[in-house]
Amino acid sequence: MEPPVPLSEVEALLGRLHLGDEGKLGHRESKKATQVHALLGHVGALLNKASRRRELQLVDAAAGRGHVAAALAALLLPAMALRGHVLACEWDPRRVDRAVARMAECGIGGVEVVATPVAELILDQPPDLVVGLHACGTASDDVIELVIHSGAARLALVPCCHPRRPDLLSRSDLPVQGECADRVTSATLDALRVLRLEAARFRVDTTALGAAAVTGRDLVILARQSGSRARAERAKEALARWGKGGAAERGRT
């Protein structure tokens, strides 16, 4: 999916956020710019038919240092002639303080950054979009819960750092270990996440982020409201066969 924003603009934005100018990014920041740029392509497709008559409500539920939130507000929304407010959620107060300071210094408006775990985030209204780039471990499941219970219209989620789940591996009945075991566990967890969304009447697609060259965590879960009732029922049945309903993917009993 070709993003509506050039990579050079994303690199320039991250350069200002990190360096105070448009100097050359370090290796880590350059990788992040590539990932953010790829994510903007998927988000742009999700927002293609969004209303232009009102201000959209967007949530960056894995904000970190504010890269995605800043790119949404300063680059993607203007490029698509959309108006919106971005709420960036980050649990680490130090990152929040830095993100707020740097965005103010760079003149980036339309972003509110809050210091809270995503599992504790309370929204005043259903957001038009929730995004999460590399939401680590069970944070991805917290993002999905937020989407379902807030009535969000759309989701773009890139999971990361899947937790070890030997119970899921044993249920697969595959005698694998090492890296292969990690991949089977990751795929199982992500499949359960898709089923959880489908059971909540979301239409779900999965695809590659488009930045596989710079990260091994490149699966994107894309979801929109108004999935079919029949698919929702099949998803509920599949989750029930795991014996834990929607809790299986969260590692809870």
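The values are calculated or read from the model by the stated rules, or taken from the named source; none is laboratory data. Here the structure is a predicted model, which is why all the values come from computation and not from measurement. In this analysis, Cβ positions are derived from the backbone assuming ideal geometry, glycine residues included, and neighbour counts consider all displayed protein chains. Heavy atoms of the whole protein, side chains included, go into the accessibility calculation; ligands, DNA and RNA do not. Shrake-Rupley method; radii C 1.70, N 1.55, O 1.52, S 1.80 Å.
Using the beta-carbon distance between C106 and C161 and R0 = 25 Å, what value does 1/(1 + (r/R0)^6) give for FRET efficiency, to the nearest 0.05?
0.30
Could you report the accessible area of D167 in Å², rounded to 10, computed with a 1.4 Å probe on the protein chains as they sit in the structure?
50
Give me the Kirkwood hydrodynamic radius of region 70-169 in Å, from all C-alpha pairs, to one decimal place?
14.8
Would you mind calculating the gained length between E55 and Q225 on full extension (0.36 nm times residue separation, minus the Cα-Cα distance), in nm to one decimal?
Extra length from E55 to Q225 when fully extended: 59.3 nm.
What accessible area per residue comes out for the chain, rounded to a whole number of Å², with a 1.4 Å probe?
With the other protein chains kept in place, the chain gives 48 Å² per residue.
Defining a contact as two alpha carbons under 8 Å apart and six or more residues distant in sequence, what relative contact order in percent does the chain show?
Answer for the chain is 15 percent.
If we restrict to alpha carbons, what Rg and Dmax does region 149-243 come to, in Å?
14.5, 40
Which of the helices in the chain meet the span-like rule: DSSP H, Cα axial reach of 27 Å or more, Kyte-Doolittle mean at least -0.5?
27-46, 178-199
Would you mind calculating the gained length between W242 and C136 on full extension (0.36 nm times residue separation, minus the Cα-Cα distance), in nm to one decimal?
Taking W242 through C136 to full extension adds about 35.8 nm, to one decimal.
Taking the highest mean first, how do the peptides 80-87, 143-150 order by number of other beta carbon atoms within 10 angstrom per residue?
143-150, 80-87
Give me the compactness ratio for the chain, meaning the Cα radius of gyration over 2.2 N^0.38 Å.
1.01
Dipole of region 9-121 (Lys/Arg Cβ +1, Asp/Glu Cβ -1, origin at the Cα centre): which of Q57, L46, V113 lies farthest to the positive side?
Looking along the dipole axis, the top candidate is L46.
At a threshold of 8 angstrom on Cα-Cα distance, excluding pairs fewer than six apart, so keeping six or more, what relative contact order does region 41-116 reach in percent?
Over region 41-116, the number comes to 33 percent.
Kindly provide log₁₀ I(q)/I(0) values, in the same order as q = 0.14, 0.18, 0.21 Å⁻¹, from the Debye equation applied to equal alpha-carbon scatterers of region 17-146.
With one equal scatterer per Cα and no solvent, log10 I(q)/I(0) is -0.60, -1.02, -1.39.
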